[in-house]
Amino acid sequence: MNSVLAASSTDLELSLAQQLTVIALCALTAFISHMALAVFNDGVRPFMLDFIQGRSTRSATTAVSFGLSAGFIFGLGAPMALSTGVLNPWLVFLPTDILGILSPKKWIAPLLGGAWGAVVVFGLNGANSIAHDLPVDFLTALQQMSTPILFLFTLFPVLAITKQFGRLRGGIAAVVELALVVMTMKIWPDIFPGSIAMAVGVLTLIGFAVNKDLAQRKLDRAEAAKASAAGGPAPEVKNGAGDDAEDPMASLFSASALRLRRHLPLFMLLGAGVCVLAQSHVFGGGEATSFLIAKGDYAEAAQVDFYRAFGFVPLIATTALASGAYGIAGFTFVYPIGYLMPNPFVAAVVGAAVFALEVLALSAIGKILGKLPSVRDSSEHLRSAIGDALGLAILFGSLMAANVMGGGLGILIVGGLYLLNESMGRPVVRMAAAPAAVIVGGVLLNILYWLDLFTPIKG
Amino acid sequence: MTKILTGGVGKAEVTETVKKLGLDGIEITVSNDMDAAMKLRGGQADYFLGTCHTGAGASLGVLVGLLGKPACHTFGRSVPTEDEVNALLSEGKKVFGFAIDQIDVIAPLMARAIAARG
C-alpha cells in the first residue's frame, strides 16, 4: 500500500483491512436482504410484507427495489463517494438490497454482495487517485462544500419547528440557535459552533411535540368522560373507530416484531458490521457526513448523524413493524456511535449491543409512537427540513467548488447543468444534481485544458 | 364529497397545492400514514397521497402493510400521464406515493383525476 500518498487528508485510499470490511459487510447485507430480514431503502421496506407472505414474487420485488434505488445509487451515492472519497450507504447498501432480493438461491446472495463490495472499493480507489492527478482537481475542490453544509445543517431544527409549530416559535428558535452559535464560538472555540444549537433545537422540537400530544390525549379523555357521563347516544366517534380498528395494526406489528426478534443473532452480527464500517472512517452515514469524515472531523460527523437519526426513527420503526423487515443500518444510531469508537473490536461489540436493543425495543417504540402523532409529524418535518437545508448548502457549496475549479467558467458550467436538470424535470435527484454537475464540470474543464482552451486557476 | 388524506415529507405542500386548485367535490386534509391507514380501512376517507424522497417509503409507510399492495401504487420518481392515473384509479388504487420534488406536477394531476370521478 502506498501509505505515503495516503497521508494527505483528502486522499482516502482504503487499506486492505478496510477493503475486506466493506466486502464482507456487503456479502452480509445482501444475505440479510435475500432473507427479507432487512433492506436499506425505506421505500422498499413496505413492499417486503407481500414478499415475505408469498403474495409477491422475487422478481417483482427486485423490480420494485431496483426502481426505487437506481436513481439514488447513480444520482446520490456514486457522485457523493467520488467527490469525498468516502463511502456512503446509498452506494454500499442500496445495491446489496437489490442483489440480495435478486438472488434465486441463498448462497448466491453473499457472493453477489461481496462482488459489489469489491467493485466499490477498487473502483473508488482507482477513480479517486486518477481524479487527484488531473490538472483540474475537482475532488479537492468539492471539499468547499463542507462549510455551507455544516453551518446550514445547524438550522434544520428551526425549519422543522417553524413548519410544525408556526412562525412565532420558529422565529424564537432561530434567535436562540443563532445566539448559541455565537456564544459557542466565543466560549468554546475548539468545538463545532453548531453542536449545542442543534442539540437544543432538536430537543425543543421533540419537547413541543410530546407536549402537544399529551395535552391532546388529556383533552380526548376528558371529552370521552363527559360524553359517557352525559349518556349521549354516540359515545365518541374517534374512540370507537380507534378501538376496533386498532386490532389489525397491533396484530400486524406484533407478528413483525416477533419475526425480527427470532433472528436476533443475525441482526447483532449486522449491527457489529455496520458499526465497524463506521469506525473505519471510510464511510459516512448521512448526506452531510461524508464531507466531514473526509476532513477527519469525526466528532462533528457523529453529532450531525445523531441528530439526523431523530428524523428517521419513527419512519424506520413503523415501516419495520408494518413489513417485518428491518433497516440495514437500524435506526442509524450505529453510525455516530461507530465514528467515535476507539477501535474495530469495541465497535463490533457495541454495534451488536445497539442492534440487539433496537430490535428488542421495536415493539415498545411502535406502541409509544402510535400514541404520539405529533412526534411522528415532527420526524417528517425534520426530514423535510434536512432536505431544505442541505439542498441550499449543497447547491451553494457546489458553486463554490466550481469557482475554485474554474472561476466564472466553472460557475457557468456547474450552475448551468443544475438549471438544465431542473428544466428537464429533474432526471437526477435534486439533492445530487449539483455535486454531479461539479464532477461533470471538472471532467469538462480537464478536457478544455487538454485542448489548450482553459488554464487551471491554481498553478 | 371525496375525502383525500395526505402524508409523508411533503404533506403540507400537497394539501396546499390541491386546495389552491379549488376543485369541487373533494376535501383534502393533512394526516399521517398510521391514521390514514385506519381511516381508509374504516371508510372515513377515500384516498391517500404520500410523498417522500424516493416516492415510496415514507409516503406509503404502513399503508401497504395494512391495506395490501393491490390498493397501493407508487410512481417512484416518474411522472405519470393523465391516462395512467385514470387507469390506476379504475383499477381501484387508493393509496399513491410520489417524490417530494414532483409535487407541483403530480398532486394537481391526481386531484383533478379524483375530482373528475366524482
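The values are calculated or read from the model by the stated rules, or taken from the named source; none is laboratory data. Note that the coordinates shown come from a computational prediction; the quantities given were computed from them, not determined experimentally. Quick reminder, even Gly has a Cβ in these numbers, built from the backbone with ideal geometry, and neighbours come from all protein chains shown. The accessibility values were calculated without ligands, DNA or RNA, using every heavy atom of the protein model including side chains. Shrake-Rupley method; radii C 1.70, N 1.55, O 1.52, S 1.80 Å.
Screening the stretch B:24-53 for residues that are touching a residue at least 60 places away in the same chain (Cβ under 8 Å) and closer than 23 Å to B:Arg77 by Cα and picking the one that is most open to solvent (accessible area, probe 1.4 Å) gives B:Tyr47. Taking the listed residues A:Ala38, A:Ala60, the one that is farther than 30 Å from A:Met400 by Cβ and surrounded by 23 or more Cβ atoms within 10 Å (Cβ to Cβ) is A:Ala38, with no other qualifying. Taken over the stretch A:194-213, the criterion of being buried (at least 19 other Cβ atoms within 10 Å of the Cβ), more than 20 Å from the chain's Cα centre (by Cα) and polar (S, T, N, Q) is satisfied by A:Thr204 alone.
Is it fair to say B:Val62 is under 22 Å from A:Ser65 (Cα atoms) and either in contact with a strand residue (DSSP E or B) (Cβ under 9 Å, 6 or more places away or on another chain) or within 13 Å of chain A (Cβ to nearest Cβ) (or both)? Spelling it out, B:Val62 is indeed under 22 Å from A:Ser65 (Cα atoms) and either in contact with a strand residue (DSSP E or B) (Cβ under 9 Å, 6 or more places away or on another chain) or within 13 Å of chain A (Cβ to nearest Cβ) (or both).
Among the conditions (1) in contact with a helix residue (DSSP H, G or I) (Cβ under 6 Å, 6 or more places away or on another chain); (2) aromatic (Phe, Trp, Tyr); (3) farther than 24 Å from A:Gly286 by Cα, A:Phe72 misses just one, which is (3). The set of residues in the stretch A:149-185 that are closer than 17 Å to A:Ser378 by Cα, touching a residue at least 24 places away in the same chain (Cβ under 8 Å) and not basic (Lys, Arg) comprises A:Phe153, A:Thr154, A:Leu155, A:Phe156, A:Pro157, A:Val158, A:Leu159, A:Ala160, A:Ile161, A:Gln164, A:Phe165, A:Ala173. Checking the structure you have, find out if any residue of the stretch A:121-130 is out of contact with any Pro (no Cβ under 8 Å at 6 or more places or on another chain) and under 30 Å from A:Gly194 (Cβ atoms). Among the residues of the stretch A:121-130, at least one is out of contact with any Pro (no Cβ under 8 Å at 6 or more places or on another chain) and under 30 Å from A:Gly194 (Cβ atoms), which makes the answer yes.
If you check B:Val62, B:Val9 for being crowded, with 17+ Cβ neighbours inside 10 Å, under 23 Å from A:Phe40 (Cα atoms), aliphatic (A, V, I, L, M) and touching a Phe, Trp or Tyr at 6+ places or on another chain (Cβ under 9 Å), only one passes: B:Val62. Applying the condition of being touching a helix residue (DSSP H, G or I) at 6+ places or on another chain (Cβ under 8 Å) and within 14 Å of chain B (Cβ to nearest Cβ) to the stretch A:408-424 and asking which residue is modelled with the lowest pLDDT yields A:Glu422.
Keeping to the stretch A:32-83, report how many residues are more than 10 Å from A:Ile101 (Cβ to Cβ), away from chain B (no Cβ under 14 Å) and in contact with a Pro (Cβ under 8 Å, 6 or more places away or on another chain). Residues flagged as more than 10 Å from A:Ile101 (Cβ to Cβ), away from chain B (no Cβ under 14 Å) and in contact with a Pro (Cβ under 8 Å, 6 or more places away or on another chain) within the stretch A:32-83 amount to 3.
Among the residues of the stretch B:34-57, is any charged (D, E, K, R), more than 14 Å from the chain's Cα centre (by Cα) and more than 13 Å from chain A (Cβ to nearest Cβ)? Checked against the condition, which is being charged (D, E, K, R), more than 14 Å from the chain's Cα centre (by Cα) and more than 13 Å from chain A (Cβ to nearest Cβ), the stretch B:34-57 yields no hits at all. All of (1) more than 14 Å from chain B (Cβ to nearest Cβ); (2) farther than 22 Å from A:Pro46 by Cα; (3) out of contact with any Ser or Thr (no Cβ under 6 Å at 6 or more places or on another chain); (4) open to solvent by 20 Å² or more (accessible area, probe 1.4 Å) hold for A:Gly338 with one exception: (4). Each residue in the stretch B:72-118 was checked for being farther than 20 Å from B:Leu40 by Cβ and within 14 Å of chain A (Cβ to nearest Cβ), and 14 pass.
Taken together, the criteria exclude A:Leu399 from residues that are more than 14 Å from every other protein chain (Cβ to nearest Cβ) and out of contact with any Gly (no Cβ under 8 Å at 6 or more places or on another chain). Does A:Leu372 satisfy the criteria of being farther than 21 Å from A:Leu142 by Cα, in contact with a Pro (Cβ under 8 Å, 6 or more places away or on another chain) and at pLDDT 85 or above? So A:Leu372 fails the test. For B:Thr81, are the conditions met, namely being among the polar types (S, T, N, Q) and open to solvent by 10 Å² or more (accessible area, probe 1.4 Å)? When the stated conditions are applied, B:Thr81 passes them. If the condition is being outside any loop (DSSP other than H, G, I, E, B) and either among the polar types (S, T, N, Q) or open to solvent by less than 20 Å² (accessible area, probe 1.4 Å) (or both), then the stretch A:79-89 contributes A:Pro79, A:Met80, A:Ala81, A:Ser83, A:Thr84, A:Leu87, A:Pro89.
Taking the criterion of being modelled with pLDDT of 90 or more and open to solvent by less than 30 Å² (accessible area, probe 1.4 Å), the residues of the stretch A:244-275 that qualify are A:Ser256, A:Ala257, A:Leu260, A:Phe267, A:Leu270, A:Gly271, A:Ala272, A:Gly273, A:Val274, A:Cys275. The set of residues in the stretch B:85-113 being closer than 20 Å to B:Val62 by Cβ and not small (Gly, Ala, Ser) consists of B:Lys93, B:Lys94, B:Val95, B:Phe96, B:Phe98, B:Ile100.
This table checks each residue for (1) under 20 Å from A:Ile394 (Cβ atoms); (2) within 19 Å of the chain's Cα centre (by Cα); (3) crowded, with 19+ Cβ neighbours inside 10 Å.
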site: A:Pro135; (1), (2), (3): no, no, no
site: A:Ala141; (1), (2), (3): yes, no, yes
site: A:Pro148; (1), (2), (3): yes, yes, yes
site: A:Leu155; (1), (2), (3): yes, yes, yes
site: A:Phe165; (1), (2), (3): no, no, yes
site: A:Arg169; (1), (2), (3): no, no, no
site: A:Ile172; (1), (2), (3): no, no, no
site: A:Leu178; (1), (2), (3): no, no, no
site: A:Val182; (1), (2), (3): no, no, no
